[in-house]
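Reviewing the structure listed below.
Each value in this text was obtained by applying a stated rule to the coordinates, not by laboratory testing. None of these values were measured; they are calculated from a predicted model. So basically every Cβ, Gly included, is an ideal-geometry build from the backbone, and we count neighbours across all protein chains shown.
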Amino acid sequence: MKRLLSLTVLMSFPIIAEVNSWECGKFEGAKIIASDGTSLGKLGPKWESDSIFNDSSEHSTTWSSNSIFNSSNDYGNSYSSDSVFNESASTPPRIISEEGEEIGKLSVGPSWDSTRYDPNDIKYTCDWG
């Protein structure tokens, strides 16, 4: 009985939002918007000009102030409350659909928050890299 109760309690906590391949359509073309309103690019295949997965896009570089991959700015370091790569970030960038609806947050954690989507999970699940 104790084991059943423990299992029930554990299953009641959601885990980080996992991207399934059939969900890629909802992410394609979605804008990434920082809490201060800065546009940080879009989600989508690497051939799209504003995609964060396009190596030629300013949004994929390690030097651009508008890139989540710049570890020297608030959006890409490991300690800012606005960063994708800070598991404890209180205000990571929002993912906004082409229809203007919030899909969730672009963030590596925390694992219990089912509204957060890891950019690497999106990249590899959707085969956009």
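Quick rundown of the values:
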read-out	value
Residue in segment 30-43 that is surrounded by fewer than 17 Cβ atoms within 10 Å (Cβ to Cβ) and either in contact (Cβ under 8 Å) with a residue 60 or more places away in the chain or closer than 16 Å to ASN120 by Cα (or both) present	no
Search result, residues across segment 44-76 that are without any contact (Cβ under 8 Å) to a residue 24 or more places away in the chain, closer than 22 Å to GLY109 by Cβ and of a type in the set (Ser, Thr, Tyr)	SER60, THR62, SER71, SER72
Condition broken by TYR124, with the remaining ones in (1) touching a helix residue (DSSP H, G or I) at 6+ places or on another chain (Cβ under 8 Å); (2) within 20 Å of SER49 (Cα to Cα) satisfied	(1)
Count - residues of segment 108-129 that are of a type outside the set (Phe, Trp, Tyr), touching a strand residue (DSSP E or B) at 6+ places or on another chain (Cβ under 9 Å) and either more than 23 Å from ASN77 (Cβ to Cβ) or crowded, with 20+ Cβ neighbours inside 10 Å (or both)	5
Sole exception among (1) more than 13 Å from the chain's Cα centre (by Cα); (2) part of a loop (DSSP other than H, G, I, E, B) for HIS59, by number	(2)
Boolean, TYR79 is in contact (Cβ under 8 Å) with a residue 24 or more places away in the chain, out of contact with any Gly (no Cβ under 6 Å at 6 or more places or on another chain), over 16 Å from LYS26 (Cα atoms) and of a type in the set (Phe, Trp, Tyr)	no
Number of positions in segment 55-86 that are crowded, with 19+ Cβ neighbours inside 10 Å and of a type outside the set (S, T, N, Q)	9
Contacts under 7 angstrom Cβ, first residue in segment 84-107 being in contact (Cβ under 8 Å) with a residue 24 or more places away in the chain and among the hydrophobic types (A, V, I, L, M, F, W, C), partner surrounded by fewer than 19 Cβ atoms within 10 Å (Cβ to Cβ) and part of a loop (DSSP other than H, G, I, E, B), 6 or more apart	ILE103/SER97
Looking only at segment 87-107, and only at residues there that are touching a Ser or Thr at 6+ places or on another chain (Cβ under 9 Å) and buried (at least 21 other Cβ atoms within 10 Å of the Cβ), the one that is farthest from LEU40 (Cα to Cα)	ALA89
